[in-house]
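Laboratory data are not the source of any read-out in this text; all were calculated from the coordinates shown. Quick caveat, the model's predicted, so the values are computed rather than measured. Glycine gets a Cβ as well: all are built from the backbone with ideal geometry, and neighbour counts include every protein chain shown.
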Amino acid sequence: MRNLPPYYSAGQIAWHYGFRVICALIFFFLIFPIMVIIPLSFNAQDFFTFTKEMLAFDPAGYSLKHYQDFFYNPDWQGALKNSFLIAPVATLLATALGTLAAIGLSQSHVPYRSAIMAILISPMIVPLIISAAGMYFFYSRIGLQGTYWGVVLAHAALGTPFVIVTVTATLVGFDRSLTRASANLGADPITTFFRVQMPLIVPGVVSGALFAFITSFDEVVVVLFLGSASQKTLPWQMFTGLREQISPTILAVASVMVFLSILLLTTLEMLRRRSERLRGLSPG
């Protein structure tokens, strides 16, 4: 009550607190199914449900054996290694292509900007199964199906739209007079980009790169179409575990990925705030 304006009516006060309750319920509805797997990953039994010992908070009902299986099982470690071999390279390609595309489309003299933007971000809109099938037929014709670079290029294509969107959003508040002033002082376009433009848009670039990394690291449909046994990634191994083995180790892997996602999202939020401060949209 102390933080509300004194002129609020009873209805406005009720709506203020009611809206908070609604947001809390929506948050609970979205997050609870994800958070419930974390305590389940410490189950001492090979079950996907809470045991009586766990519900009673008996230490005997909890164990790290599923995490041990993840970190010491060669199948899981091989999949993890493949994910870290594919995702960073795909992220670098997506970041480079997406940043250049966003800068180019931000220029007012570029014709058909809306149509080009719609085409470039179409992988975000088109159902993934359709994109995967199209990539399979195309890459099989050029000899990239079942190869490392085939999966990398496919993931780069899926991650590029996220980079374009985030960098474009950063460029909305960019002061074009800075690049003109740099050119008037004799700097060439490359120097202007790296010394003037890039430092101001780097939060958007890094944010887009993190989104591209998450997209590649979590993707499974395209890998199933384009990858071979030697490109089996962590999501592919999880899909196999659910379909063939019903291994509780999947809960431990999912918990690790949840913590990784939280870490990346926290980084994104910090970059977003830094970008707003650089553009003068929020106090320092």
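From the alpha carbon centroid of the stretch 3-78 to that of the stretch 85-106 is 34 Å. Rounded to the nearest 20, the size of the Cβ-charge dipole of the chain about its Cα centre is 880 debye, with Lys and Arg at +1 and Asp and Glu at -1. Arranged from fewest to most other beta-carbon atoms within 10 Å of their beta carbon, Phe50, Phe213 become Phe50, Phe213. When His66, His109, His16 are sorted by how many other C-beta atoms sit within 10 angstrom of their C-beta, beginning with the fewest, the order is His109, His16, His66.
Helix by helix, which DSSP H runs in the chain go 30 Å or more along their axis at the Cα atoms and have an average Kyte-Doolittle hydropathy of -0.5 or more? Before the final figure, lay out the partial values.
On the way: long enough: 10-35 (37 Å, 1.63); 74-105 (45 Å, 1.02); 148-171 (33 Å, 1.51); 249-278 (44 Å, 1.09).
Taking the DSSP H segments of the chain (at least 30 Å long, mean hydropathy at least -0.5), we get 10-35, 74-105, 148-171, 249-278.
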